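Working notes, beginning with the structure itself.
Please treat every number below as a calculation from the coordinates, not as lab data. Just so we're clear, the structure is a prediction, and the values are computed from it rather than from any experiment. Cβ: placed from backbone, ideal geometry, glycine included. Neighbour counts: every protein chain shown.
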Amino acid sequence: MYAHERFSATREDARYLLQTISVLGATGSVGVNVLNVIARHPERYKVFALTGFSQLEHLKKQCLLHRPDYAVVPTPEAVKVLQQQLIDAGSLTQVVGGESGLKFVASHRDVDTVVAAIVGAAGLNATLAAVESGKKILLANKEALVMSGALFMQAVRTSGAVLLPIDSEHNAIFQCLPSHSRQGLTSAGVRRIMLTGSGGPFRQTPMDQLQDVTPDQACAHPKWSMGRKISVDSATLMNKGLELIEACWLFDAKPSQVEVVIHPQSVIHSLVDYVDGSMLAQLGNPDMRTPISHALAWPQRIDSGVEPLDLFKVARLNFEVPDETRFPCLALARQVANAGGTAPALLNAANEVAVQAFLANQIGFTQIADCIRHVLDNEPVGQVRDLYGVMEADANARRWGKRWLRENHL
Ligand code: NAD
Ligand code: MG
């Protein structure tokens, strides 16, 4: 059984029913785009739960607008505050808290679809709860899959969950693959998967200036508007590295079958290269509502609110080889993709520690890669046997990363 085959298991019977949806990470950039699409199709989608971590005023407004059965916030205090505010506003939404609240709304029997859009390792347990409950999962939270790869995909197979990528590149690849690639990529005639990336805000910045760039400059992405963590990942090209690992798991590809192509216009969202010389690409304006709409409605199509692509305006498409000297994070990610085991979990955790420190102005941009390298040089790679092992690797990597921060800067 192959990952892509899993996608092809259409649920004909569910096509015309109202889809009930839990949005994990509703207040974030992806979450907001999901709710924008849902609001365009009230006859198709009903919000079951919304979750938020920090912007509770925003979550309150979303609850009043989308009237979910449940809202999830991190702490008992936040539960009290939001619950009272919602009661005062005449809302019937029930507020629950913590990790157990996230798992509850991810696995509830009344839920058809779970949007996994929490950022980072914090989304792992709730996303896995959705997978284990056999839901249709719209996956944005790539870190969860990168960390737990084999366990995650095994849980998809066991539970019969339907896993649809909404990371734009993987959604593009999914659209370009044949719907019945039963025997894997090779027998489907696929030579390579080509992941495109804009190159980020520092694509043309000389090496000697990279050490001085600020978090705000790193977050000013030229083509996509996103949360701060993924924006920094895009600037270091770690995002492309995480996406390489994500693609390997989703499409059962070897790292050598995935190539990264810098494409500054961000119009081609990725490509599949076939042995007969055909190369299929998915194009569109860079707007997350396209992959979100595709996955929500799949195998149908719905209006996403995205303007049609004007090819005459685009006029030109450029492609470049990624510069792994200026952006060593991509090479580090390829290295851990080849190493396998707990290596991707170590990379992911180290990256989260380093990016957080960079965003807090504690380290420079180029030190993100130094910190990750230090962690990978010190923490041995183990086999992934169970979730406990993944969590342990994550914790050990964070310890090495924080020690490096202390020794070098804090
Ligand atoms: P964001 O920072 O805008 O939003 C993150 C969401 O997660 C928020 O709702 C926040 O409240 C919640 N959250 C943060 N920490 C949490 C915690 N500890 N516990 C529970 N909830 C927590 O991030 P984003 O840009 O929307 O990205 C979300 C995920 O989607 C990331 O994994 C990212 O890599 C992926 N993704 C994002 C985009 C994009 O366009 N933004 C594109 C592709 C993939
Ligand atoms: Mg992406």
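Measuring nothing but how far apart in sequence close Cα pairs (under 8 Å, 6+ apart) lie, relative to its length, the stretch 2-166 scores a relative contact order of 22 percent. Partner lysines whose Cα lies under 16 Å from the Cα of Lys135, excluding those fewer than 8 positions away in the same chain, are identified as Lys46, Lys103. Legend: ranking of residues Arg289, Arg191, Arg406 from fewest to most surrounding C-beta atoms inside 10 Å; resulting order Arg406, Arg191, Arg289. Using Cβ point charges alone (K and R +1, D and E -1), the dipole size of the chain about the Cα centre works out to roughly 480 debye. Among residues other than Val272 with Cβ under 9 Å from its Cβ, the summed charge is +1 (Lys and Arg +1, Asp and Glu -1). For Leu309 and Val275, the FRET efficiency from 1/(1 + (r/R0)^6), where r spans their Cβ atoms and R0 equals 35 Å, is about 0.80. Its DSSP H runs of at least 4 residues, each contributing -39,500 (n - 2.57), put the calculated 222 nm mean residue ellipticity of the chain at -14500 deg cm²/dmol, to the nearest 500. What's the local net charge at Ser107, with K and R +1, D and E -1, over the other residues with C-beta under 11 Å away? Local net charge: +1.
Return the whole-Å distance between the Cα centroid of the stretch 157-231 and the Cα centroid of the stretch 55-84. One Cα centre to the other: 31 Å. Identify, among Val131, Pro165, Ala393, the residue whose Cα sits farthest towards the positive end of the charge dipole of the chain, taking +1 on the Cβ of Lys and Arg and -1 on the Cβ of Asp and Glu, with the dipole about the Cα centre. It is Val131, whose Cα lies furthest towards the positive end. Under the criterion of Cα pairs below 8 Å and six or more residues apart, the relative contact order for the chain equals 15 percent.
Protection proxy ranking, highest mean first, for peptides 82-89, 27-34: 27-34, 82-89, where packing is the per-residue count of other beta-carbon atoms within 10 Å, averaged. Here Lys402 is the anchor, and the lysines within straight C-alpha reach of less than 25 Å, apart from those fewer than 8 places off in the same chain, are Lys142, Lys229, Lys240. A simple rule links phi to the HN-Hα coupling: the Karplus curve 6.51 cos²θ - 1.76 cosθ + 1.60 with θ = phi - 60°, which for the stretch 329-338 gives 4, 5, 5, 4, 5, 5, 4, 6, 4, 6 Hz, with x for Gly and Pro.
By DSSP, the beta bridges lying fully in the chain are antiparallel in about 25 percent of cases.
Loop-located trypsin sites (Lys or Arg not before Pro) across the stretch 308-351 with a Cβ neighbour count of 12 or fewer within 10 Å are Arg316, with loop assigned by DSSP. Bridge orientation summary for the stretch 2-166: considering DSSP beta bridges with both residues in this region, about 0 percent are antiparallel.
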